[in-house]
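The structure under discussion appears below in the form of structure tokens.
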Amino acid sequence: MTSKTLIHISALFLATAILSIIIFKNGYPIGYDYKNQIIAYESVSKHILEGDIYPRWLADINKGYGGTNLYFYPPFIYYSGLLIDLITGLSLPTGTILSLNSFLLLFLSGISFYIFARGISAPNISMAASILYILLPYHSWFEIYERNATAELSSYIWIPLIFHCINNPSLLKQVKYKVTLTLSYSLLIMSHLPTAVFSSIFFLIYIILKSLSVKDTKERVRYVLASGTFFILGIGIAGIYLYPAISLLENTNSAYLWKGYYEYKNWFLWFNRTCPITLTCNNLFIIGLMQVSVPLIILLIFNRRKSFNIETKNYLLLAFLCFILMTPYSKFLWEILPPLQKIQFPWRMLVMSDFLFTAISLTIITNLKIIFQDKKLLLYIAMAATALPVIILNIHIANYVKNTPTPPLHKFQDSIENKMLTEEHVPKNKNLTASFKDLQLSNPAPFITVIDENAKISVISKMPKRIEFTVQAHKNFTLQIRQFYFFGWQVKRDNIDITQKVNLRDAKPFGQMEMTLPKGEYVITLVLETLPNEKIGFYLSFISTLILIGVSIISYKRNYIA
């Protein structure tokens with residue numbers, strides 16, 4: 001690392017620190033997802049520290065009934081948060097950990113864009129572009145302050161690295177770019193799956209556009225095949241999360257995520273379009289419109305030679321596609337591409353729009369630097385003309401989100417104390433007859449309830465996925481456990497599976513576990529075993545990792561010999 005690079009990284013760190021001080025001056029913002037971030041982080045970190053390295057079933061949430069949330073939520077942000085927690089000696093309150101985690105993710109996204117920018121531009125311009133990237137209003141004020149969307153925030157790290165790797169067809173011949181592309185795409189999936197879904201469309205189109213610039217047919221085919229191979233390997237490495245997340249969705253109330261309020265049709269952006277939060281949608285539309293119009297205006301004013309750089313053309317095309325996909329004029333595409341519908345909000349594509357706007361600005365200024373070699377004043381005017389709308393819009397959005405009414409903290413206290421997370425990942429049980437709100441308002445149930453009062457139960461140990469207790473009963477009896485029934489639970493006696501014999505089932509009103517146990521004195525172990533879906537996901541990750549290592553070794557040897 002050169003001294004100049006170190007200075008640039010320090011400047012980026014300082015910019016991130018100043019922005020974070022402004023955002024977090026009153027603590028972790030009470031935004032849309034505030035209570036969920038608090039509950040999820042505390043539960044996941046607790047499970048990991050108790051020895052469950054990759055917790056999927058969170059036993060302590062939802063008033064102690066548990067939940068399947070980490071079968072489906074990407075895990076990356078919880079490990080980055082826990083790393084900060086461990087470094088600080090587990091001494092900081094949760095809100096501070098979440099603030100520091102957001103700061104870290106924001107800073108890393110700037111570093112990531114700097115790496116991308118250095119592949120196509122000079123150091124000083126790259127530094128300015130990376131600072132611009134973190135200052136964009138959706139990236140900072142909406143993601144962190146308004147929405148507390150930490151998982152989506154983390155996806156900003158991986159998108160520039162992926163474009164960096166596929167930007168130059170010849171780079172994929174080098175081992176480090178193969179590994180970086182694969183791991184970046186894998187981590188994008190394990191950071192925020194909806195972003196990975198729609199970003200893949202733009203990666204694919206960019207690879208096609210880039211391949212058209214390769215004159216040699218064999219090289220073109222090699223580039224496309226290499227890119228596709230490492231994207232597929234990235235999917236494979238993410239299999240430990242991705243396969244269970246996709247294959248187990250039908251076992252939960254996940255349909256809640258895509259209907260009613262959350263249905264994608266409600267959230268397209270356009271002039272004065274009505275949506276569930278109209279003023280927010282209007283501001284998001286202004287951001288999207290600014291990001292496609294400003295670069296075009298700069299080009300028309302300053303680039304009189306009309307000598308568009310090929311990269312500028314490619315990124316402009318992607319930016320316009322991104323903008324159109326956020327408007328109702330793309331509705332037909334959403335209808336024929338069902339995976340798109342799963343991202344809930346079309347304006348989530350502002351994540352990609354933020355990258356494309358910064359990349360276009362970078363390529364324009366880089367090109368104008370060549371054109372205005374003897375007219376530096378014009379270059380500085382062009383740079384100011386690019387930055388000024390961002391600064392004005394940043395101030396406007398900051399004022400908007402700060403003045404948007406948010407529920408007072410005490411409104412969340414009951415939910416946080418009872419760890420009421422989200423209802424979409426409650427197991428889908430036929431005897432779940434009560435609503436999620438009913439569960440929140442209900443009186444706390446004992447962990448174990450004996451329906452027939454003629455049995456004595458003593459809990460030996462209670463762990464997230466393993467509960468052991470002794471039984472003393474003079475006749476058969478029914479027992480309920482304050483954990484949601486989920487198909488992976490098994491009942492064992494003397495290490496023998498008796499799940500079917502005791503008729504383990506879900507019971508009214510919340511779908512809690514219920515079983516009929518025989519008389520006698522014995523020990524029962526209730527355990528949530530590793531599901532076949534989890535095993536398949538693990539093997540996908542393991543095999544894909546081995547393939548990546550093998551390909552890297554072979555490539556390294558070939559390059560070394562060459």
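The values are calculated or read from the model by the stated rules, or taken from the named source; none is laboratory data. Source: prediction; values computed, not measured. Note that each Cβ is placed from the backbone with ideal geometry, even for glycine, and that neighbours are counted across all protein chains shown.
For this structure, a couple of remarks:
- The set of residues from region 26-58 being small (Gly, Ala, Ser) and at pLDDT below 95 comprises Gly27, Gly31, Gly51.
- Any chance Lys492 is of a type outside the set (A, V, I, L, M), over 25 Å from Lys456 (Cβ atoms) and free of Cβ contacts under 8 Å to residues at least 60 places away in the same chain: no
- Within region 432-446, if we keep just the residues that are assigned to a loop (DSSP other than H, G, I, E, B) and without any contact (Cβ under 8 Å) to a residue 40 or more places away in the chain, the residue that is surrounded by the fewest Cβ atoms within 10 Å (Cβ to Cβ) turns out to be Asn443.
- Residue match in region 482-499 (condition: crowded, with 19+ Cβ neighbours inside 10 Å, part of a helix (DSSP H, G or I) and at pLDDT 95 or above): no
- Residues of region 432-452 satisfying the condition of being more than 25 Å from Gln472 (Cβ to Cβ) and hydrophobic (A, V, I, L, M, F, W, C): Leu432, Ala434, Phe436, Leu439, Leu441
- Test: Ile162 is under 24 Å from Phe230 (Cβ atoms), assigned to a helix (DSSP H, G or I) and in contact with a Ser or Thr (Cβ under 8 Å, 6 or more places away or on another chain): yes
Residues checked against (1) over 17 Å from the mean Cα position of the chain (by Cα); (2) in contact (Cβ under 8 Å) with a residue 24 or more places away in the chain; (3) surrounded by fewer than 23 Cβ atoms within 10 Å (Cβ to Cβ):
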residue	(1), (2), (3)
Asp52	yes, yes, yes
Gly67	yes, yes, no
Tyr71	no, yes, no
Pro74	no, yes, no
Gly95	yes, yes, yes
Phe103	no, yes, yes
Ile111	yes, yes, yes
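- Only listed residue being in contact with a strand residue (DSSP E or B) (Cβ under 7 Å, 6 or more places away or on another chain), over 19 Å from Gly67 (Cβ atoms) and not in a strand (DSSP E or B), chosen from Val502, Val551, Val471: Val502
- Single residue of region 293-309 satisfying the filter (crowded, with 19+ Cβ neighbours inside 10 Å and closer than 26 Å to Val401 by Cα) that is modelled with the lowest pLDDT: Pro295
- The residues in region 279-292 that are at pLDDT 95 or above and touching an Asp or Glu at 6+ places or on another chain (Cβ under 9 Å) can be counted, and the count is 2.
- Any hit, region 166-181, residues being in a loop (DSSP other than H, G, I, E, B), more than 23 Å from Leu225 (Cβ to Cβ) and more than 18 Å from the chain's Cα centre (by Cα): no
- Residue that is over 17 Å from Leu132 (Cβ atoms) and exposed (fewer than 14 other Cβ atoms within 10 Å of the Cβ), where the choices are Phe332, Phe323: Phe332
- Exclusive hit being in contact (Cβ under 8 Å) with a residue 40 or more places away in the chain, aliphatic (A, V, I, L, M), assigned to a helix (DSSP H, G or I) and surrounded by 22 or more Cβ atoms within 10 Å (Cβ to Cβ), set Ala40, Ala11, Ala59, Ala17: Ala40
- The listed residue being touching a Lys or Arg at 6+ places or on another chain (Cβ under 8 Å) and not β-branched (Val, Ile, Thr), out of Ser20, Ser43, Ser3: Ser43
- Considering residues of region 213-262 that are within 30 Å of Ile286 (Cα to Cα) and in contact (Cβ under 8 Å) with a residue 12 or more places away in the chain only, the residue nearest to the chain's Cα centre (by Cα): Leu257
- Take the conditions (1) in contact with a helix residue (DSSP H, G or I) (Cβ under 8 Å, 6 or more places away or on another chain); (2) crowded, with 16+ Cβ neighbours inside 10 Å; Asn429 misses just one of them, which is (1).
- Wholly enclosed helices (runs of 4 or more DSSP H) of region 64-119 bearing at least 2 residues at pLDDT 95 or above: 76-87, 94-118
- Residue in region 131-142 that is on the phi < 0 side of the Ramachandran plot and not in a helix (DSSP H, G or I) present: yes
- Count of residues meeting criterion [among the hydrophobic types (A, V, I, L, M, F, W, C) and either without any contact (Cβ under 8 Å) to a residue 12 or more places away in the chain or within 22 Å of Leu248 (Cα to Cα) (or both)] in region 495-522: 6
Here is a yes/no grid of residues against (1) outside the structural domain of Tyr223 (by TED's automatic domain parsing); (2) within 27 Å of Ile38 (Cα to Cα); (3) part of a helix (DSSP H, G or I):
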{"residue": "Ser126", "(1), (2), (3)": "yes, no, yes"}
{"residue": "Leu187", "(1), (2), (3)": "no, yes, yes"}
{"residue": "Pro194", "(1), (2), (3)": "no, yes, yes"}
{"residue": "Ile201", "(1), (2), (3)": "no, no, yes"}
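- Residue check for Thr252: touching a helix residue (DSSP H, G or I) at 6+ places or on another chain (Cβ under 9 Å), surrounded by 21 or more Cβ atoms within 10 Å (Cβ to Cβ) and outside the structural domain of Gly488 (by TED's automatic domain parsing): yes
- Residue count, region 204-230 (criterion: among the hydrophobic types (A, V, I, L, M, F, W, C) and crowded, with 20+ Cβ neighbours inside 10 Å): 2
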